[in-house]
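First up is the structure itself, then whatever we jot down about it.
The values are calculated or read from the model by the stated rules, or taken from the named source; none is laboratory data. What you are looking at is a predicted structure, and each value in this text was computed from that prediction instead of being measured. Glycine also receives a Cβ, built like all others from the backbone with ideal geometry; neighbour counts cover every protein chain displayed.
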Amino acid sequence: MPESKIKPEDFFSAPEEKILLNWFAYEAALAFEPELRDLATSSPRVKVLHENGIEAVSIALAKGLKDALVRRESIGILGPSSDLPGLDRKKSSRRFNEGYRRHAQPRKFPGEMSLSPQWVANHYPPLAKLPPSPIIANALTRALKGLVRICAGCPVQCLRHMNSPCTMFDDGPY
(Lines give C-alpha, C1' and ligand atoms only; values in the text may rest on other atoms or scores of the structure.)
Protein backbone atom coordinates (compact mmCIF):
# COMPACT_ATOMS: atom_id res chain seq x y z
CA MET A 1 0.00 0.00 0.00
CA PRO A 2 1.49 3.36 -1.01
CA GLU A 3 2.29 5.89 1.67
CA SER A 4 -0.47 8.44 2.03
CA LYS A 5 0.08 11.98 0.88
CA ILE A 6 -2.60 13.12 3.33
CA LYS A 7 -0.94 14.99 6.17
CA PRO A 8 -2.28 16.45 9.43
CA GLU A 9 -1.33 19.90 8.13
CA ASP A 10 -4.11 19.56 5.55
CA PHE A 11 -6.59 20.04 8.41
CA PHE A 12 -5.33 23.15 10.17
CA SER A 13 -3.90 26.44 9.05
CA ALA A 14 -3.25 28.03 12.46
CA PRO A 15 -2.25 26.63 15.86
CA GLU A 16 -5.73 27.29 17.30
CA GLU A 17 -7.18 24.92 14.68
CA LYS A 18 -5.31 21.97 16.18
CA ILE A 19 -8.48 20.60 17.75
CA LEU A 20 -9.94 17.12 18.09
CA LEU A 21 -12.57 17.66 15.39
CA ASN A 22 -9.85 18.42 12.86
CA TRP A 23 -7.99 15.31 13.98
CA PHE A 24 -11.16 13.29 13.37
CA ALA A 25 -11.35 14.81 9.87
CA TYR A 26 -7.72 13.81 9.25
CA GLU A 27 -8.48 10.26 10.37
CA ALA A 28 -11.60 10.22 8.16
CA ALA A 29 -9.54 11.26 5.13
CA LEU A 30 -7.05 8.48 5.88
CA ALA A 31 -9.96 6.01 6.12
CA PHE A 32 -11.56 7.27 2.89
CA GLU A 33 -8.35 7.12 0.86
CA PRO A 34 -7.85 3.32 0.58
CA GLU A 35 -11.56 2.76 -0.09
CA LEU A 36 -11.49 5.31 -2.91
CA ARG A 37 -8.20 3.93 -4.24
CA ASP A 38 -9.67 0.41 -4.39
CA LEU A 39 -12.79 1.75 -6.03
CA ALA A 40 -10.80 3.72 -8.60
CA THR A 41 -8.84 0.64 -9.65
CA SER A 42 -11.86 -1.67 -9.81
CA SER A 43 -14.41 0.60 -11.47
CA PRO A 44 -13.63 2.61 -14.60
CA ARG A 45 -16.87 4.57 -14.05
CA VAL A 46 -15.15 6.60 -11.36
CA LYS A 47 -12.10 7.82 -13.28
CA VAL A 48 -12.90 11.26 -11.85
CA LEU A 49 -11.15 10.02 -8.70
CA HIS A 50 -7.85 9.68 -10.58
CA GLU A 51 -8.37 12.90 -12.52
CA ASN A 52 -8.75 14.93 -9.34
CA GLY A 53 -6.37 12.98 -7.13
CA ILE A 54 -7.65 10.46 -4.61
CA GLU A 55 -5.99 12.33 -1.76
CA ALA A 56 -7.69 15.61 -2.74
CA VAL A 57 -11.07 13.86 -2.93
CA SER A 58 -10.50 12.21 0.47
CA ILE A 59 -9.50 15.51 2.07
CA ALA A 60 -12.43 17.42 0.56
CA LEU A 61 -14.97 14.82 1.70
CA ALA A 62 -13.45 14.59 5.18
CA LYS A 63 -13.65 18.36 5.53
CA GLY A 64 -17.26 18.21 4.34
CA LEU A 65 -17.98 15.59 6.99
CA LYS A 66 -16.35 17.80 9.62
CA ASP A 67 -18.46 20.78 8.56
CA ALA A 68 -21.60 18.63 8.64
CA LEU A 69 -20.78 17.54 12.18
CA VAL A 70 -20.23 21.14 13.26
CA ARG A 71 -23.56 22.20 11.76
CA ARG A 72 -25.12 18.98 13.07
CA GLU A 73 -26.75 18.43 9.72
CA SER A 74 -28.05 15.15 8.46
CA ILE A 75 -25.35 13.22 6.63
CA GLY A 76 -27.49 10.20 6.04
CA ILE A 77 -26.79 8.56 9.38
CA LEU A 78 -29.66 6.37 10.41
CA GLY A 79 -30.23 5.88 14.10
CA PRO A 80 -30.37 8.08 17.15
CA SER A 81 -27.75 10.79 17.03
CA SER A 82 -26.54 9.75 20.46
CA ASP A 83 -25.15 6.71 18.65
CA LEU A 84 -22.48 8.96 17.21
CA PRO A 85 -20.31 10.43 19.97
CA GLY A 86 -20.61 14.18 20.16
CA LEU A 87 -23.99 14.53 18.51
CA ASP A 88 -26.80 15.60 20.77
CA ARG A 89 -30.20 14.36 19.61
CA LYS A 90 -31.93 17.51 20.84
CA LYS A 91 -29.65 19.67 18.70
CA SER A 92 -29.81 17.44 15.60
CA SER A 93 -31.68 18.57 12.56
CA ARG A 94 -35.37 17.91 12.35
CA ARG A 95 -34.84 15.94 9.14
CA PHE A 96 -32.36 13.68 10.96
CA ASN A 97 -34.89 12.87 13.68
CA GLU A 98 -37.71 12.34 11.18
CA GLY A 99 -35.49 9.92 9.26
CA TYR A 100 -34.85 8.00 12.46
CA ARG A 101 -38.57 7.69 13.26
CA ARG A 102 -39.21 6.08 9.88
CA HIS A 103 -37.17 3.03 10.88
CA ALA A 104 -38.88 0.34 12.95
CA GLN A 105 -35.81 -0.88 14.81
CA PRO A 106 -33.76 1.51 16.92
CA ARG A 107 -30.09 1.35 15.97
CA LYS A 108 -27.29 0.99 18.50
CA PHE A 109 -23.78 2.40 18.26
CA PRO A 110 -22.14 2.47 15.79
CA GLY A 111 -25.54 2.37 14.16
CA GLU A 112 -26.53 1.76 10.62
CA MET A 113 -24.75 4.64 8.93
CA SER A 114 -24.60 5.69 5.35
CA LEU A 115 -23.37 8.67 3.42
CA SER A 116 -25.87 9.35 0.67
CA PRO A 117 -24.76 9.77 -2.96
CA GLN A 118 -26.32 13.25 -2.86
CA TRP A 119 -24.28 14.23 0.20
CA VAL A 120 -21.10 13.02 -1.52
CA ALA A 121 -21.91 14.95 -4.71
CA ASN A 122 -22.72 18.10 -2.72
CA HIS A 123 -19.38 17.98 -0.93
CA TYR A 124 -17.23 17.17 -3.94
CA PRO A 125 -18.83 18.67 -7.08
CA PRO A 126 -16.71 16.76 -9.64
CA LEU A 127 -18.43 13.61 -8.40
CA ALA A 128 -21.80 15.14 -9.28
CA LYS A 129 -20.86 14.67 -12.93
CA LEU A 130 -21.24 10.92 -12.54
CA PRO A 131 -24.61 9.26 -13.03
CA PRO A 132 -26.38 8.83 -9.70
CA SER A 133 -24.94 5.72 -8.10
CA PRO A 134 -24.30 4.68 -4.54
CA ILE A 135 -20.95 3.10 -5.42
CA ILE A 136 -18.78 5.92 -4.03
CA ALA A 137 -21.11 6.63 -1.11
CA ASN A 138 -21.03 2.93 -0.16
CA ALA A 139 -17.23 2.89 -0.20
CA LEU A 140 -17.10 5.98 2.01
CA THR A 141 -19.73 4.50 4.32
CA ARG A 142 -17.57 1.39 4.83
CA ALA A 143 -14.65 3.62 5.77
CA LEU A 144 -16.75 5.77 8.10
CA LYS A 145 -18.24 2.73 9.85
CA GLY A 146 -14.76 1.36 10.47
CA LEU A 147 -13.53 4.69 11.80
CA VAL A 148 -16.50 5.17 14.12
CA ARG A 149 -16.01 1.62 15.48
CA ILE A 150 -12.45 2.52 16.35
CA CYS A 151 -13.54 5.88 17.80
CA ALA A 152 -16.07 4.16 20.06
CA GLY A 153 -13.26 2.57 22.05
CA CYS A 154 -10.82 5.46 21.90
CA PRO A 155 -10.28 7.33 25.18
CA VAL A 156 -9.75 10.66 23.39
CA GLN A 157 -13.37 10.86 22.10
CA CYS A 158 -12.74 13.45 19.38
CA LEU A 159 -16.40 13.87 18.55
CA ARG A 160 -17.48 14.28 22.14
CA HIS A 161 -14.88 16.99 22.81
CA MET A 162 -14.66 18.47 19.31
CA ASN A 163 -13.19 21.85 20.23
CA SER A 164 -10.61 20.59 22.73
CA PRO A 165 -6.94 21.09 21.83
CA CYS A 166 -5.33 18.11 20.10
CA THR A 167 -1.70 17.41 20.88
CA MET A 168 -1.58 14.59 18.33
CA PHE A 169 -0.98 17.18 15.60
CA ASP A 170 2.38 17.85 17.23
CA ASP A 171 3.38 14.21 17.75
CA GLY A 172 4.52 13.43 14.13
CA PRO A 173 6.19 12.40 11.97
CA TYR A 174 3.38 11.01 9.86
(message) Of everything in the range 128-171, what is closer than 22 Å to Ala60 by Cα and part of a loop (DSSP other than H, G, I, E, B)? Give them in sequence order.
(response) Leu130, Pro131, Pro132, Ser133, Pro134, Cys158, Leu159, Met162, Asn163, Cys166
(message) Restricting to the range 31-59, count the residues that are within 15 Å of the chain's Cα centre (by Cα) and surrounded by fewer than 20 Cβ atoms within 10 Å (Cβ to Cβ).
(response) 3
(request) Inspect the range 83-102 for any residue being part of a loop (DSSP other than H, G, I, E, B) and at pLDDT 80 or above and give the result as yes or no. (result) no
